[in-house]
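What follows draws every value from the coordinates through simple rules; no lab data is involved. Treat the numbers as computed from the prediction; the structure is a model and nothing was measured. Positions of Cβ are generated from backbone atoms using ideal geometry, with glycine treated the same way; all protein chains shown enter the neighbour counts.
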Ligand code: BGC
């Protein structure tokens, strides 16, 4: 019996009923194939347990891992794999078959309320870490669903907005993380986005779902819709969607009418059913890898802790205000209620159902770590929102301490950053900023700890000695921050997105309610800020350590290339020149010097995170191919290497290039210049 034979046993109605979800997060069974109901769960940073009818959340045993932007800040492939695998272990405990993650949309604007669910503003970092998450989860027998394909970059009007974007920008930026992820792993499913791209719903977008995903990228898993993203199931399956989420009671009628009108064929429907059956069989097969026994909630917490430790990013550390050690400080005051009850995640469908019992409170661990130092704590912000009064309070308290540490969470008015809403304001409320600047004025050593999923625009924070980005780093972030503050753990996170001083007003955002024009093209995130450094608070890739690293001996296997298909390697040495063990994230960027086509000054094409003992030196090697030097030529309809001189930058952050080398490339089939000289075709 061939794999398709079962289709003969199903009527048109049965097939039409099969390709939409049963109830909320459950699929339907396919009895002729002995496929039971399968269960999904959000995602992405842990399990969201819901009641069987899907109406309510159930607080449970589930682990809250660092949210995606924090995971991005780890720049650590092993951690991303480990977190994916650990989430799978939670899924197994809850009989969940596939997790609705990872989410790898680009961050076009820091206003997007869901940015904390997305890994980075860079496609390479997002694609590589997203792939590790998928490999980790699937290695434990749990399916994944990579979302939201594509260009869902704002929550305002996400269900109606038409993203107007040119093909080169789409391919080089908004689709790129998905392309990289799919090159590196084979997720069981991909979820399309709510929005339209160039006038066509993502759920009905043949260019996206068929041409790119299937034909070019050869993806053979299941393509599902976001919840409610299907407007017409017939158009959707014709365009290449396979499964509608959640249940659509009109599916049979819509599909039948479309069949009669000749808008779909029965083959379109068969294709969708087959894709679902293949997906389900793959999941059932993978299930053999799952193991319910041996699960340890304490071990899960430990993985969440390791992830949090690697994500927390030391942004500033004037006069070595950190770490907090007894040779520097006798008495420290801890301020802010989020030092007691941290904001560990954002709001919306991704909110894991972790019970409070598993959430580490920073203050408890701070007290644990503080032997020989007096620690006092005041919640400070409890109910007090008056700038003057809060300043008086801070002034009256902090003067008697030799260090003040203020915890601030971006959770004003709601759940924190959240799905369905964008962030109106990228600044903290005035009374919080007033408290921060008063602390810095009155205490010589002041530390600000920020709990947020994305950048917060600073306001009179210049005199603060140290700033630590804690992110929304999951249930164990309280212990992780305490260990970092006291130097028990050396910070090793780096920014996965640019932290800005002022916001851009030159882009069309949030659009006019119907459309949003991505006219800034590739000038997004650091691709824009590399040219506008005055607006940057801390650059992409930035993060300090309690030690220092020396970079030397850059070596490139070939500096003169005459080909459009090549591979080269670049190596360099990194040495820990400080006194404590630490981890460094070495970043490789490429930029062309003599380009005809407009290109970003630098683009990330490689990164490694390594650990070094004091005095230890290691060699890091990066492999590059022609693909890393290509741009998408819309005239040739393919990726293309422009001849010219390129720089390879080895950097500690986008703005801190430590080593560089030049490569000259002669592509004898480079027609860029000829095309550029013509005015009738876009290049
Ligand atoms: C979100 C998805 C999520 C789904 C199920 C949608 O609103 O956009 O990311 O997986 O709901 O909860």
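Observations on the structure shown:
- FRET efficiency estimate (nearest 0.05) - Cβ-Cβ, residue 78 to residue 325, R0 35 angstrom: 0.75
- Label point distance in nm, residue 638-residue 617, each placed 7 Å from Cα along Cα→Cβ: 4.4 nm
- Once the Cα atoms are used to define both axes, helix 387-398 deviates from the longest principal axis of the chain by about 50 degrees.
- Of 634, 134, 516, 432, the sequence from fewest to most neighbouring Cβ atoms within 10 angstrom is 634, 432, 516, 134.
- 173, 459 arranged by Cβ crowding within 10 Å, fewest neighbours leading: 459, 173
- Relative contact order (%) - the chain, alpha-carbon pairs under 8 angstrom, separation at least six: 14 percent
- One decimal place: the segment residue 666-residue 504 gains 54.6 nm when fully extended, by the rule 0.36 nm per residue minus the C-alpha distance.
- Put the Cα centre of the range 110-141 next to the Cα centre of the range 410-464 and the gap is 26 Å.
- In this simple spin-label approximation, residue 657 and residue 554 carry label points 7 Å from Cα along the Cα→Cβ vector, and these lie 0.7 nm apart.
- For the chain, DSSP calls about 60 percent of its internal beta bridges antiparallel.
- With Rh defined as the Kirkwood radius, the inverse of the mean 1/r over Cα pairs, the Rg/Rh of the range 202-313 is 1.16.
- Distance in nm between pseudo-label sites at residue 647 and residue 266 (7 Å out along the Cβ direction from Cα): 6.4 nm
- The spacing between the range 63-98 and the range 288-310, judged by their C-alpha centroids, is 9 Å.
- Sorted by Cβ density within 10 Å, fewest first, the residues 479, 282: 282, 479
- Degrees, to the nearest 10: 297-311 long Cα axis against longest axis of the chain: 70 degrees
- Crossing angle, helix 77-93 versus the chain [Cα axis fit, 0-90 degrees, rounded to tens]: 70 degrees
- Long-range Cα-Cα pairs in the chain (distance over 48 Å), rounded percent: 16 percent
- Taking the Cα atoms of the range 446-552, the ratio Rg/Rh between the radius of gyration and the Kirkwood radius comes to 1.04.
- Packing rank of 237-243, 41-47, where each peptide gets the mean count of other beta carbons within 10 Å, highest leading: 41-47, 237-243
- For the chain, the 222 nm mean residue ellipticity estimated from helices alone, with every DSSP H stretch of n ≥ 4 adding -39500 (n - 2.57) and the total spread over all residues, rounds to -7000 deg cm²/dmol.
- Rounded if a/c under 1.5, otherwise prolate or oblate - the range 260-346, Cα gyration tensor axes: prolate
- Computing FRET efficiency as 1/(1 + (r/R0)^6) for residue 520 and residue 9, where r is the C-beta to C-beta distance and R0 is 60 Å, gives about 0.70.
- Estimated Rh, the range 137-271: Kirkwood, alpha-carbon pairs, angstrom: 15.3 Å
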